[in-house]
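Enquirer: Here you go, one structure.
The values are calculated or read from the model by the stated rules, or taken from the named source; none is laboratory data. Fair warning: this is a prediction, and the values are worked out from it, not measured in the lab. Cβ atoms come from the backbone with ideal geometry, glycine included; neighbour counts cover every protein chain shown. Quick note on the areas: whole protein, heavy atoms, side chains included, nothing else; ligands and nucleic acids left out. Shrake-Rupley method; radii C 1.70, N 1.55, O 1.52, S 1.80 Å.
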Amino acid sequence: MKNRILLFLSLIVSYSTMAQEIPEKDIFTATIRYHYGIILPHHKSISYLVNDQISGIEFNLGIIPNQNKNWVSLYKQPEFGLGIYHTSLGNDKILGKATAIYPYVNFPLIKKNRWDFNLQLGFGLAYTKKHFDPVENYTNLAIGSKFNAFFKLMASTSYNFHPRWSMNGGIGFFHISNGAISIPNKGLNAVTSNFGLSYYLNGNKPKYKSIQLKNYKLDDEFSIIWNNGVKQTEVKDEHKYYKTGLSFTYLKGINAKQKIGLGIDLFYDESANRGKWNFDPKTDFKNRFSQAIFISHELFLHKFSIVANIGAYTIYETKPEKPVYLRVGLKYGINKHFLASLCLKAHMGKADYIEWGIGYRIKTKKNEKQ
């Protein structure tokens with residue numbers, strides 16, 4: 001009897017050990033939302049075009065990774081996925097409708113057993129059939145091309161009324177423009193309220209377990225990025241001007257999520273001081289260069305980082321459109337040293353151009369875990 005009891009206890013211990021070693025699985029999700037809202041008339045040339053509210057349908061397919069990875073626990077188990085958004089734009093005849101596809105991430109700001117409060121960020125591509133045409137649609141000064149950049153920001157709350165179902169609601173914002181690749185490009189901004197349902201496809205909604213994480217700082221680094229893009233300057237000038245530049249940045253890790261730093265931008269702008277549409281005055285090679293300094297902030301999420309820069313021009317031959325510029329976008333770490341970036345550079349809310357970049361970075365200081 002004694003031997004049997006010992007054997008039984010050994011089996012229980014072995015089973016418990018094995019159960020602890022089995023990793024939690026990733027959970028796949030499907031979400032559908034209905035949006036209703038308004039276009040924000042941020043410019044006089046757009047306000048008279050908008051004659052109706054907007055409505056749209058959004059579908060998200062995502063994954064909630066298990067908590068075995070440190071960075072997942074650091075962000076309270078975020079959701080990653082791909083979204084599709086189909087919406088009206090306030091004037092079916094002139095502005096038409098837009099369909100966007102975009103990767104997104106849901107950051108849980110508050111996470112309880114049944115209630116969540118999330119912030120969703122999405123950045124992708126939008127297709128609009130009704131765009132500017134000098135003959136057939138000359139009043140549409142908001143969108144100048146079929147394909148445009150799409151940016152989405154949404155705050156929402158969700159409630160689990162069933163282990164595999166939850167309902168959600170929130171307030172969202174989206175922006176559509178082409179980054180001045182084609183003119184006109186006033187862009188469209190919208191605010192919507194929304195509600196929807198989510199279903200957990202391969203299991204119950206994962207229960208978040210608060211884990212005591214070690215405090216540490218991200219490593220300091222230096223990077224150089226080569227950026228490229230094109231832009232159109234006037235409706236009557238259909239030429240696409242080439243823009244490029246080098247961006248040198250030193251970033252210092254301040255905690256396990258963020259880095260801040262300083263940088264220098266060197267710009268070459270083929271469109272600098274080209275006049276309206278008659279290419280006069282023409283600029284020589286040196287007049288197309290400018291230099292700027294900027295402050296940078298990056299929020300790191302595994303291999304991705306969300307970039308926000310504010311800069312000021314310090315040296316130039318041709319006076320820039322505005323003395324200050326903003327840069328927002330994404331970086332992706334291809335491997336230990338190489339990275340890719342996609343950013344929008346803008347002057348006080350007006351898009352300058354979309355930057356596609358490839359870069360190289362090296363760690364200058366490896367911060368010790370505390």
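Enquirer: Just one of (1) 151; (2) 129; (3) 167 is volume of the Cα convex hull per residue in Å³ calculated from these coordinates, so which is it?
Expert: Only one listed value fits the structure, namely (1).
Enquirer: Next question, about the same structure. What percent does the relative contact order of the chain come to when contacts are Cα pairs within less than 8 Å and at least six residues apart?
Expert: 12
Enquirer: If the cut-off is a Cα-Cα distance under 14 Å, which aspartates and glutamates reach Lys129, setting aside same-chain residues fewer than 8 apart in sequence?
Expert: Within reach: Asp92.
Enquirer: What do you get for the angle between helix 2-21 and the principal long axis of the chain? Use alpha-carbon atoms, 0 to 90 degrees, nearest ten.
Expert: Value to nearest ten degrees: 0.
Enquirer: Step through the table entries Lys231/Lys303; Lys217/Lys243; Lys93/Lys186; Lys257/Lys336; Lys152/Lys366; Lys252/Lys286, compare each Cα-Cα distance with 25 Å, and write down the pairs that go over it.
Expert: Lys231/Lys303; Lys217/Lys243; Lys152/Lys366; Lys252/Lys286
Enquirer: Express the carbon and sulfur contribution to the solvent-accessible surface of the stretch 81-171 as a percent, rounded to the nearest whole number, probe 1.4 angstrom.
Expert: 68
Enquirer: Mind grabbing the accessible area of Met154 for me, 1.4 Å probe, Å², rounded to tens?
Expert: Roughly 0 Å² of Met154 is accessible to a 1.4 Å probe.
Enquirer: Shifting gears a bit: Taking R0 as 51 Å, what's the FRET efficiency between Leu40 and Lys336 from their Cβ-Cβ distance, rounded to 0.05?
Expert: With a Förster radius of 51 Å, E is 0.75.
Enquirer: Per DSSP H run of n ≥ 4, the term is -39500 (n - 2.57); total these for the chain, divide by its residue number, and report the mean residue ellipticity at 222 nm rounded to 500 deg cm²/dmol.
Expert: Calculated at 222 nm, the ellipticity per residue is -2500 deg cm²/dmol.
Enquirer: Determine the dipole magnitude for the chain: charges of +1 sit on the beta-carbon of Lys and Arg, -1 on that of Asp and Glu, nothing else is charged, the reference point is the Cα centre, and the result goes in debye to the nearest 20.
Expert: 1260
Enquirer: What FRET efficiency comes out for the pair Asp26/Tyr242, r = Cβ-Cβ distance, R0 = 45 Å, nearest 0.05?
Expert: In this case the efficiency is close to 0.55.
Enquirer: Another question about this same structure. If the elastic network links every pair of Cα atoms under 10 Å, which of Gly349, Gly196, Gly179 fluctuates the most in the Gaussian network model of the chain?
Expert: Answer for the Gaussian network model of the chain: Gly349.
Enquirer: Okay, next question. Among DSSP bridges having both ends in the chain, what percentage is antiparallel? Round to the nearest 5.
Expert: Roughly 100 percent of the beta bridges in the chain run antiparallel, per DSSP.
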